[in-house]
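A short write-up of the structure that comes next.
The values are calculated or read from the model by the stated rules, or taken from the named source; none is laboratory data. Model, not experiment: these values are computed from the prediction. All Cβ positions, even for glycine, are placed from backbone atoms using ideal geometry, and neighbour counts span all protein chains on display.
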Amino acid sequence: MPRADVAVVGVGLAGLTSAIALAEGGARVHVVATGFATTHWAAGGFDAGVVRGAATPQAAVDRLARKIGHPYRLVAAALPAALEWVRGILAEEGLTIVGGLSDPLRAIPTALGSTRIAAVLPDGMAAALAPWEPGETLVVCGPAGFRDFWPHAIVASLRRPGSWRGQPMPGRVEPVTVDLPGLAGRHNLSGLDIARAFDDPVWRDQALDTMARAVERLAGGDGRVALPAVLGLDDHAAVLEAARRRLPLLPFEVALAPPSVPGLRLYRALRAALLRRRGRLQIGEPVRGAVGEGHRVERLVGPAAAREFVLTVGAVVLATGGIAGGGIVGLDDGSLRETVLGLPVDAPLGDPWLLPDAFDPPGHPLETAGIRTDADLRPVAPRNVREPLAENVRIVGSLLAGQRYLRERCGDGVAIASALVASRSLGAHVAALAGPEQRLLASGSRAR
């Protein structure tokens, strides 16, 4: 029967960073998940918070941390350290993150022709963070036949000052479509197809030279070129360096519809970091457990090919997501259920669930549904917050109640900050379980 010091349920940003932190602390970590998480959908940056009137992510976090019931009231203090820690982990895996919590929130172009607000982005998108000068040109360049990126439609919207949210916009915005080598006439061309093509150095140079000639005709002095986020999957750093060297304008990637290539890069980097720390990863089937004697979870059970898979655990971190992530589901009687341990869900009453306006400005009330916790992120009953329901369970990420992670754009910040808080909270527990080999491994990891 397999055993783990800590089982992490969920393979998104919160789950993987929790697992990495615990493995660095010497724990034998086993990550289990039904399927892939929001990393494959998200833009690949780190959204800590975006609220009206906040000029920086830190200002937004400070505002949200003052809201009663918001997860940032418990984990905001850990966020700066968490971001720098994650930045270092990703750098070890060749993925650079640019920007910080005190940097200005900027309007970043999207593939829909609108802009989104961001301050912390992957290196491939970072050139979009500098404020635009009146004399600058923005060229939007995309491959012909690629249905997820239409330069002329994007430019038609970006030429409108209202698209830039009151921030400076380029002096000129111009579109160009390019026939890339070997892709003419391709049907259902995806971002992954083009990203994998860019990983080939020979094709890469031919494609970039073709793009350079097209962009050069529109450059007209200083400026930047927006490209779909397809600059390599496995060899992104080399592709980005080549693009910066060969294109006449400074390039930056624009996030696309899923599957997200920058999100896949982030997932792969975190997965590699976990495996390098001897963590285990198992994706494909759901698991369940129960809180037993002593308010503890002793094992997780799931289906397997010939018999049940049973994982004996010393502790559990739930990173299964909220309503959108499948960590909470609705039942026929109108109630909500947490899917792994059956923990009580804190949610608004049923009547406000059915809004007359599907796009109500405050967001849907169900977005705040989740698990209430104490300061150590142990689950508690919504109406009895002083008594933890499970001593060896921690809740992280968007499963935490009280946040509007879509409306407040706080999901990434809550994920990594709660991961760090949970790993610290379980530190003494893990140290008691870890053997000499794990403690030696942890010591070496911290030394690096």
Quiz item: Does the stretch 308-327 contain at least one residue that is assigned to a loop (DSSP other than H, G, I, E, B), over 25 Å from the mean Cα position of the chain (by Cα), hydrophobic (A, V, I, L, M, F, W, C) and assigned by TED's automatic domain parsing to the domain that holds GLU408?
Solution: no
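Out of the stretch 1-27, which residues are more than 21 Å from ALA82 (Cα to Cα) and buried (at least 23 other Cβ atoms within 10 Å of the Cβ)? Walk me through it before giving the result.
Taking the stretch 1-27 as the starting set, the residues that turn out to be more than 21 Å from ALA82 (Cα to Cα) are 1-5.
Selection gives ALA4, ASP5.
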Quiz item: Within the stretch 364-381, is even one residue modelled with pLDDT under 90, assigned by TED's automatic domain parsing to the domain that holds ALA55 and over 22 Å from the mean Cα position of the chain (by Cα)?
Solution: yes
Practice problem: Search the stretch 394-406 for residues that are among the hydroxyl-bearing types (Ser, Thr, Tyr) and pair each with any residue that is part of a helix (DSSP H, G or I) when their beta-carbon atoms are under 8 Å apart and the residues are at least 6 apart or on different chains. | Solution: SER398/ALA14; SER398/GLY411; SER398/VAL414; SER398/ALA415; TYR405/GLU367; TYR405/SER398; TYR405/GLY411; TYR405/VAL414
Quiz prompt | Of all residues making up the stretch 284-317, the number that are within 16 Å of ASP5 (Cα to Cα) and in contact (Cβ under 8 Å) with a residue 60 or more places away in the chain | solution = 11
Quiz item: Pairs under 7 Å by beta carbon, first residue farther than 14 Å from TRP132 by Cα and at pLDDT 95 or above in the stretch 156-167, partner assigned to a loop (DSSP other than H, G, I, E, B) and small (Gly, Ala, Ser), six or more apart or different chains?
Solution: ALA156/GLY113; SER157/GLY113; SER157/SER114
Practice problem: Could you tell me which of the residues LEU218, LEU266, LEU233 is closer than 28 Å to GLY10 by Cβ, aliphatic (A, V, I, L, M) and either at pLDDT below 95 or part of a loop (DSSP other than H, G, I, E, B) (or both)? | Solution: LEU233
Quiz item: What number of residues within the stretch 74-109 are free of Cβ contacts under 8 Å to residues at least 40 places away in the same chain, charged (D, E, K, R) and more than 16 Å from ALA126 (Cβ to Cβ)?
Solution: 1
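Pick from VAL140, VAL32, VAL86: which is modelled with pLDDT of 95 or more, outside any helix (DSSP H, G or I) and assigned by TED's automatic domain parsing to the domain that holds VAL317? Before you say what the answer is, go through the steps one by one.
Values: VAL140 fails: assigned by TED's automatic domain parsing to the domain that holds VAL317; VAL86 fails: outside any helix (DSSP H, G or I).
After ruling out the rest, the residue left standing is VAL32.
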